[in-house]
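Novice: This is the structure, below, for whatever I ask next.
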Amino acid sequence: MNKTFCYFGMVAGSIVFACAFVMFVLPTTGDDVMKMKMISAAVALGGLFSVFRAWYHYRHADEPMGWKGSLLLIQQMKNRGEVVRYFFNPMQMRFRTAWELVILVALILFKSRFAIVFALLMVGVKGLLLFNELRYWKAYHKLKDLENMPEVTYDHEDAVMEVRGQDIIIVDPCYFCADTDFWEANWQHFCNNELTEEMGFRNALSFSVSDYQITDLVDDSGAEVGSWSSDSNTVGCFLLDDVLRINPDFAKELECGMVIRNFSGQVRFHFEQKTSPWTFYGQEVEEDAVVLYIEGAGNRQFHSQEVDL
């Protein structure tokens with residue numbers, strides 16, 4: 001905080017304290033003399049507190065203050081309890097309640113009908129500020145946790161899946177994991193082809209892929225077999241029964257992937273390193289990429305190909 005600002009804060013607080021103290025000690029008469037003295041005492045204490053807080057911030061002028069400073073301090077706190085204690089620390093600028101309490105004391109002493117309204121308004125505003133600081137703390141640390149997650153190492157070696165007379169689906173796994181905790185808990189396994197029976201997959205392939213993918217599948221004659229798309233940059237080949245066991249409702253959304261019924265044979269994921277510049281669907285690409293090609297050999301033949309379907 002600016003030292004000049006703190007200096008004027010100490011001067012102003014001292015003036016308020018002096019005036020209020022004079023009002024407190026002056027002999028007065030009337031029915032409300034004690035109430036006025038109590039209000040004068042509250043104002044004097046408020047002025048004295050303002051002097052003390054200005055002096056405190058003058059001594060700690062190098063510390064970040066204000067809203068930005070509060071956010072920086074909150075980032076360093078380890079739990080919600082520290083955030084709450086910090087919020088109710090009268091030395092911190094986020095509190096700013098001393099003068100509201102003086103006003104509330106005056107309203108209560110004179111039995112004003114606005115005392116309850118003012119108290120509720122003060123509690124509501126302070127509660128909202130505290131809620132926002134707790135929410136910021138939670139969001140900040142969740143982002144830090146995500147940043148500190150172990151890096152996913154994408155294995156782009158070719159892989160083969162053997163199938164015997166079963167329905168298969170080529171699809172982005174995030175589609176059938178939608179609105180469940182299953183995707184969030186296992187997305188790294190999907191990225192690295194680490195699917196197990198414990199997860200519900202008896203036979204499957206799944207890898208991370210780049211933004212550039214050959215998503216159109218044709219047979220040996222060039223006729224369209226189908227296509228797939230990806231929102232999470234992940235794609236896999238799964239037994240359809242396994243997918244529907246995880247999410248039965250996905251039966252209504254099979255068009256999100258490509259279903260091949262009663263397939264017997266091999267599905268091969270082939271990865272090819274592309275070095276810029278290279279051509280993708282007729283457009284020149286100016287960055288390196290690992291491109292996935294899918295090949296099926298068995299009672300149905302299909303392979304990835306750039307086509308305009």
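Any read-out appearing in this document is the output of simple, stated calculations on the displayed coordinates, not a laboratory observation. Note that the structure is predicted; figures quoted are calculated from it, not measured. All Cβ positions, even for glycine, are placed from backbone atoms using ideal geometry, and neighbour counts span all protein chains on display.
Novice: Between Leu120 and Tyr56, what FRET efficiency follows from the Cβ-Cβ distance if R0 is 22 Å, with the result rounded to 0.05?
Specialist: 0.15
Novice: Right, another one. Which FRET efficiency value, to the nearest 0.05, do you get for Thr196 and Val84 by plugging their Cβ-Cβ distance into 1/(1 + (r/R0)^6) with R0 = 35 Å?
Specialist: 0.25
Novice: Note down, for the chain, the three equivalent ellipsoid semi-axes (square root of 5 times each alpha carbon gyration tensor eigenvalue), biggest first, whole angstrom.
Specialist: Semi-axes from the Cα gyration tensor: 71, 22, 15 Å.
Novice: A follow-up question, please. Go through the stretch 261-307 and name the trypsin sites (Lys or Arg not before Pro) that are in a DSSP coil and have 16 or fewer other Cβ atoms within 10 Å of their Cβ.
Specialist: Listed in order of number, the matching sites are Arg300.
Novice: Check each of the GluC sites (Glu not before Pro) in the stretch 192-276 and keep only those in coil by DSSP with at most 10 other C-beta atoms within 10 angstrom; list them in order.
Specialist: Filter output for the stretch 192-276: empty list.
Novice: I've got another one for you. Please identify which residues in the stretch 189-231 have an amide N closer than 16 Å to a label point set 7 Å out from the Cα of Val290, following the Cα→Cβ vector.
Specialist: Answer for this model: 189-195, 205-214.
Novice: If the chain between Arg261 and Ala12 were fully stretched, how many nm would it gain, using 0.36 nm times the residue separation less the Cα-Cα distance?
Specialist: Result for the pair: 81.4 nm of gain on full extension.
Novice: Could you tell me the calculated FRET efficiency between Asn233 and Glu253, based on Cβ-Cβ distance and R0 = 25 angstrom, to the nearest 0.05?
Specialist: 0.80
Novice: Work out which helices of the chain, taken as complete DSSP H runs, extend at least 18 Å along their axis over the Cα atoms and score a mean Kyte-Doolittle of 0.5 or more, then list them.
Specialist: In the chain, the long hydrophobic H runs are 3-25, 33-59, 114-147.
Novice: Among 283-292, 121-130, 101-110, what's the highest-first ranking by average C-beta atoms within 10 angstrom per residue?
Specialist: 101-110, 283-292, 121-130
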